[in-house]
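Colleague: Sharing a structure, written as structure tokens. Questions coming.
The values are calculated or read from the model by the stated rules, or taken from the named source; none is laboratory data. Only a predicted model underlies this, so the values are computations on that prediction, with no experimental measurement involved. Don't worry about glycine lacking a Cβ; one is built from the backbone with ideal geometry, like all the others, and counts go over all protein chains shown. For the accessible areas, the whole protein counts, side chains as well, though only heavy atoms, and no ligand, DNA or RNA atoms are used. Shrake-Rupley method; radii C 1.70, N 1.55, O 1.52, S 1.80 Å.
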Amino acid sequence: MRVPTRTGQPVPLVDLRAEYAEIGQAIAAAVAQVISSGVFVQGPPVTAFEQAFAAYLGVAHVVGVGTGTDALMLALKAVGIGPGDEVILPAFTFVATAEAIVHTGATPVLVDVSPSTYTIDSEQIERGLTARTRAIVPVHLYGLPVDLGLIEGLAAARGIAVVEDAAQAHGAAYGTRRVGSGGRAAAFSFYPSKNLGAYGDAGAVATDDDGVAAQVRLLRDHGGVQKYQHEIVGYASRLDSLQAAVLHAKLPHLDAWNAKRRACAAAYDGLLAPLDGVTVPSRPVGATHVYHLYAISVDPDLRDPLRAYLQTRSIETGVHYPQPLHLTPAFAFLHTPSGSFPVAERLARSVLSLPMHPWLRPDQVEYVAREIAAFLGHRRQQTAVPQVG
């Protein structure tokens, strides 16, 4: 039986209906303009969004593509990654990061992640380097930006590329530099639940490299920039005008929405950090977190029971991600056994994503935290050993 909050409403993990209630009129107007124009593939809305997002990130080029996975694959191909190459990435990330590498013909080389930030452990990268290493893909996981300084220095010394996976970090920054403006290129996803989301699949490559941008433009549209002129073998991965118009309408709200996410995260931190058995997300000095996800870590034996309990209290949660890449069947060909990346394996058993979005109310945050505390308190009572004598 689902038990409602004191307001009588469940607490969703994300709330796209609330987003539409805030900006629905602007979205409807943007969509109507595209429909009336009759231009649905590429066209002025795509160019307008690419230019606006490039200005927002502080880069020379943004090239819209069909999906975030395509963005990473095309960015890697554009910097020259292909068969025989190796690309280093974290073992704890969404499967798309590794998929994109495989689709270039290169081999993913996994390294473990930091136990505090859950992002790629810069000190582990050197262990994965070989003579065939051609790129490093740091993932800005859950909205927390990676400090690229050490990674970029290591890459520059060896003449290899850094391609950011920024799919979860729209608006995040490290110091004064926004995520997406480092390395040779960066890949963004605009899946609907992202901090900046479309109303379907969409993605983009950001870069300051003119050659990389030109190559992605070729690759996304059958290898040419003019109809029936095909310079290379490409793909059908274009950002359509309707999605671009939606994204352009949402972009001016991104910073304010991210600020609201940070306020919700701070409220969670204050309520959950004192609880024995709960680890709240890390916030390194210099990092501007945008909390695409608010993922706590708990005892692996308690994670699934806690999730089931919260579901009975009408609190939606998620697990991002239940398997590290090396234990995912699709990547069994890497022949990396259990125990190879202990931090990633522990996180896969212990992380739990709580409701997080700009429209999350303080009473909802308090309710979630109160129910987590109640569950943990009940568990402690169950496992308490009576004193003898």
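Colleague: For the chain, what's the relative contact order in percent, using C-alpha pairs closer than 8 Å and at least 6 residues apart?
Modeller: 22 percent
Colleague: Please list, by residue number, everything in region 233-268 whose backbone N is under 18 Å from a paramagnetic label point 7 Å out along Cα→Cβ of Arg283.
Modeller: Once the point is set 7 Å along Cα→Cβ of Arg283, 255-268 turn out to lie under 18 Å by backbone N, inside region 233-268.
Colleague: Once you have the Cα-Cα distance between Gln9 and Ala259, take 0.36 nm times their residue separation minus that, and quote the gain in nm to one decimal.
Modeller: Net length gain for the segment: 87.6 nm.
Colleague: Right, next: Convex hull over the alpha-carbon atoms of the chain: what's its volume per residue in Å³? Could you put the intermediate results ahead of the total?
Modeller: Working: hull volume 62.3 nm³, N = 389.
Hull volume over Cα atoms, normalised by residue count, gives 160 Å³.
Colleague: So if R0 is 51 Å, what FRET efficiency would Ser338 and Ala374 give, r being the distance between their Cβ atoms, rounded to the nearest 0.05?
Modeller: It comes out at approximately 0.90.
Colleague: Take the Cα pairs of region 1-106, get the Kirkwood Rh, then feed it into Stokes-Einstein at 25 °C and 0.890 mPa s and tell me D in µm²/s.
Modeller: 137 µm²/s
Colleague: Right, next: What is the set of long-range amide H partners of Val113 at a cut-off below 5 Å, with H atoms built 1.01 Å from backbone N?
Modeller: Amide H neighbours of Val113: Ala91, Asp121, Val343, Ala344.
Colleague: Continuing with the same structure: Relative contact order for region 292-389 using alpha-carbon pairs under 8 Å, separation at least 6, rounded to a whole percent? List each step's numbers first, then the result.
Modeller: Values: 87 pairs, mean separation 39.7, N = 98.
Relative contact order of region 292-389: 41 percent.
Colleague: Something else: At a 1.4 Å probe radius, carbon and sulfur cover how many percent of the accessible area of region 42-200?
Modeller: 51 percent
Colleague: Further, regarding this structure: Return one number: the angle in degrees, 0 to 90 and rounded to the nearest 10, between the long axis of the Cα atoms of helix 68-78 and the longest principal axis of the Cα atoms of the chain.
Modeller: 50 degrees
Colleague: Per residue, how much accessible surface does the chain expose to a 1.4 Å probe? Answer in Å², no decimals. Display every interim value, and only then the final one.
Modeller: Numbers: 16620 Å² over 389 residues.
Normalised by residue count, the accessible surface of the chain is 43 Å².
Colleague: Using 0.36 nm per residue, how much length does the chain from Phe40 to Tyr228 gain when fully extended, once their Cα-Cα distance is taken away?
Modeller: On the way: separation 188, 0.36 × 188 = 67.68 nm, distance 1.85 nm.
My answer for the length gained is 65.8 nm.
Colleague: Could you tell me how many degrees, from 0 to 90 and to the nearest 10, lie between the Cα long axis of helix 241-250 and the main elongation axis, the longest principal axis, of the Cα atoms of the chain?
Modeller: 50 degrees
Colleague: Let me ask something else about it. Taking just the C-alpha trace of region 292-364, give me its Rg and Dmax in Å.
Modeller: 14.7, 47
Colleague: Quick query: amide H of Thr133 versus all other amide H atoms, modeled in the peptide plane; which residues come in under 5 Å with a sequence gap of 5 or more or a different chain?
Modeller: Glu86
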